[in-house]
Structures are given as structure tokens and as C-alpha cells.
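The values are calculated or read from the model by the stated rules, or taken from the named source; none is laboratory data. Computed from a prediction, not measured in an experiment: that's the story for all the values here. Please note: Cβ atoms are built from the backbone with ideal geometry, for glycine as well, and neighbour counts cover all protein chains shown. With ligands, DNA and RNA removed, areas are computed over all heavy atoms of the protein, side chains included. Shrake-Rupley method; radii C 1.70, N 1.55, O 1.52, S 1.80 Å.
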Amino acid sequence: MVGIDIHIQRFSRRRSQALAACVTLAVALLAGIAPAVAQSAKSPAAAEIDRNVDAALKSLYAKTPAAKTLARKAKGVLVFPSIVKGGLIVGAQYGKGALRKGGKTVAYYETVSASYGLQAGVQKFGYALFFMNDAALGYLDRSAGWEIGVGPSVVVVDAGMAKALTTTTLKDDVYAFFFDQKGLMAGLGLQGSKITRFHP
């Protein structure tokens, strides 16, 4: 009986050791594939938005160094790579984008607006909003839909202002940059644009 007991104890010990080894291996494997699983969980629509945002920022920073300077100080950057605007008398514009914090996407947003008056044609462009303080960024996070013109102050940076803009002259809540403008419709503007968070 003693021999049988010793054999059972050894068998149980080996089984416990094997089980522990399997658990350790499983944990190691899961740790290795977790980032890949998280990455693959991103929807195709979200991945496409991120790729477009990457390309838009790269182009904007190359053409407008002031935007890259602001990015280093900004609490967050909301980028809409492609806005389509069109209409005859009554116009509308729409696009999707992503909010970046520390270079990483943290949320997705869509922008829409309507305009009235003498207008004709179709236009495509992009724009980026640089949130320079926590209060402005918090307003975006809290609002069910932020209508530009209400809440944080937004300054559109043109070519002349961009040349004179430095980190010591930054006083406004949000700075906006337009880029990649194409089409026949004149008069880009953000006033009245509504920005709402969505889940692609």
C-alpha cells in the first residue's frame, strides 16, 4: 500500500506540474496574440479612417510646419481627412474623422452642416482641429453634438497666420487648418458645423 501511495503522489505531482506548465504556456501565448486580437477587432471602417487620418496629418505637417508645432502642444487633434460639400442654393457637407491623443486614436466623429444662399458646385477638402487646453477637449467629450460657434473659441489659421504662429502666441481654445481643397465651390467655413461622436 505504501508503494501505491507513493506512486499516486508522484503521479499527482507530475500531473500538477504538467497542468502548471500548460497554464504558463497558455498565458504566454495569449500575451503574445493579445495585441493582434485587439488590432483585428477594429472594424474595416475604423481602420480606413485611421489610414486616411495618418495620410492627412503627414501631408498637413509637411506643407504647414505650424500645424506640427501646434500638435506638440495640443491636448488632442480631431482630423477629418475628407469633407464633401455640394449644393445648389441649399448646400450640405459631410465627413468622418478621428480624435487623436498622444498620436493614438481615442474616438471617431462625423461632421455635418447645411448652408443657404448663392452656391453651386461640388468641393472636397479636409480640416484638422487642434484642441489646446483640457477645457476645450472636455467640452467635445461631454457634448452630445458640438456645434462650432458655440462653446470653445475656434480660430481658422490661414497661410499668413500660420507663418507668424508660435507656441508663445497661442491664446485660443482651438485652431483649425484646412487642407487638400479641390473643386469649384468657394468659401470654406466651419461656423454651424455639428460634430458628433459615432462608433464605426
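Points worth noting:
- The stretch between residue 191 and residue 114 holds 26.7 nm of extra length on full extension. This uses 0.36 nm per residue minus the Cα-Cα distance.
- Backbone geometry of region 56-71 corresponds, through the Karplus equation with coefficients 6.51, -1.76 and 1.60 at θ = phi - 60°, to 3J(HN,Hα) couplings of 5, 5, 4, 5, 4, 5, 5, 8, 10, x, 4, 5, 5, 5, 5, 4 Hz, x marking Gly and Pro.
- The accessible area of residue 105, taken with all protein chains in place and a 1.4 Å probe, comes to roughly 40 Å².
- Ranking of 108, 94, 175 by solvent-accessible surface, largest first: 94, 108, 175 (1.4 Å probe, protein heavy atoms only, all chains present).
- Where 158, 180 fall by accessible area, highest first, once all protein chains stay in place (1.4 Å): 158, 180
- Per-pair calculated FRET efficiency, R0 = 35 Å: residue 72 and residue 107 via Cβ, rounded to 0.05: 0.95
- Across 197, 100, 142, the residue with the most accessible area heads the list, and the full order at a 1.4 Å probe is 142, 197, 100.
- Electrostatic bookkeeping for residue 193 treats Lys and Arg as +1 and Asp and Glu as -1; over the other residues with beta carbon under 14 Å from its beta carbon, the sum is +1.
- Excluding ligands, DNA and RNA, the accessible surface per residue across region 50-112 is 49 Å² with a 1.4 Å probe.
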